[in-house]
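Since the structure comes first, as structure tokens, the remarks are kept for the end.
The values are calculated or read from the model by the stated rules, or taken from the named source; none is laboratory data. Just so it is clear, the model here is predicted, and its values are computed rather than measured. Cβ placement follows ideal geometry from the backbone for every residue including glycine, while neighbour counts extend to all protein chains displayed. These accessible areas exclude ligands, DNA and RNA; they are computed on the full protein's heavy atoms, side chains included. Shrake-Rupley method; radii C 1.70, N 1.55, O 1.52, S 1.80 Å.
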Amino acid sequence: QVQLVESGGGLVQAGDSLRLSCAASGLGFSILYMTWFRQGPGKGREFVAGITRSGVTHYADSVQGRFTISRDGAKNTVYLQMSSLKPEDTATYYCAASRTVSRYVGIMDYWGKGTLVTVSS
């Protein structure tokens, strides 16, 4: 069973930076894509960023240029470096893994429990 554990969330002010981490255990070769999704208050879960095993990255238009996703194979950890944070970035951020490169929530095979990021104005 694959387990994903997020960390790094917290309360910050607009313009601040924050780095989220996702520690993965039990991942096999069939897992090709690691992603971050987020869910704001009263909203659905939306794609934020993704990274393939070879390092190809994808970003939602809303975070392009501000967020950076990366992975450390030695530590089996995925990161989301968040810069120039805005109040609209406030959400619970979830780490997810999929055997298929996709932005679709329903195609994700594994999920973490989430970490809350609150950005005040």
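Find, among the chymotrypsin sites (Phe, Trp or Tyr not before Pro) in the range 12-66, those assigned to loop by DSSP (not H, G, I, E, B) with at most 12 other beta-carbon atoms within 10 angstrom.
Sparse-neighbourhood loop chymotrypsin sites (Phe, Trp or Tyr not before Pro): Phe29.
Straight-line reach from Lys43: which lysines have Cα under 18 Å away, leaving out those fewer than 8 places along the same chain? Straight-distance partners of Lys43: Lys86, Lys113. Proximity of backbone amide H atoms, modeled 1.01 Å from N, is registered between Phe67 and Ser83 at under 5 Å, excluding neighbours fewer than 5 places apart on the same chain. Residue ranking by accessible heavy-atom surface, 1.4 Å probe, largest first, among Ser54, Ser25 comes out as Ser54, Ser25. Solvent-accessible area assigned to carbon and sulfur over the chain amounts to 48 percent, based on a 1.4 Å probe. Within the range 5-91, the trypsin sites (Lys or Arg not before Pro) that combine a DSSP coil assignment with at most 16 other C-beta atoms in a 10 angstrom radius are Lys43, Arg53, Arg66, Lys75. Remark on the chain: hydrodynamic radius 14.1 angstrom, per the Kirkwood mean of 1/r across alpha carbon pairs.
Taking Cα centroids, how far is the range 41-64 from the range 70-121 in Å? For the range 41-64 versus the range 70-121, the Cα centre distance is 7 Å.
Using the Cβ-Cβ distance between Lys43 and Lys75 with R0 = 30 Å, the FRET efficiency computed as 1/(1 + (r/R0)^6) comes to roughly 0.45. Each label was represented as a point 7 Å from its Cα along the Cα-to-Cβ direction; for Ser120 and Val2 these points are 3.7 nm apart.
Classify the range 63-113 from the C-alpha gyration tensor, please: rounded if a/c falls under 1.5, else prolate or oblate depending on whether a/b exceeds b/c.
Here the range 63-113 falls in the oblate category.
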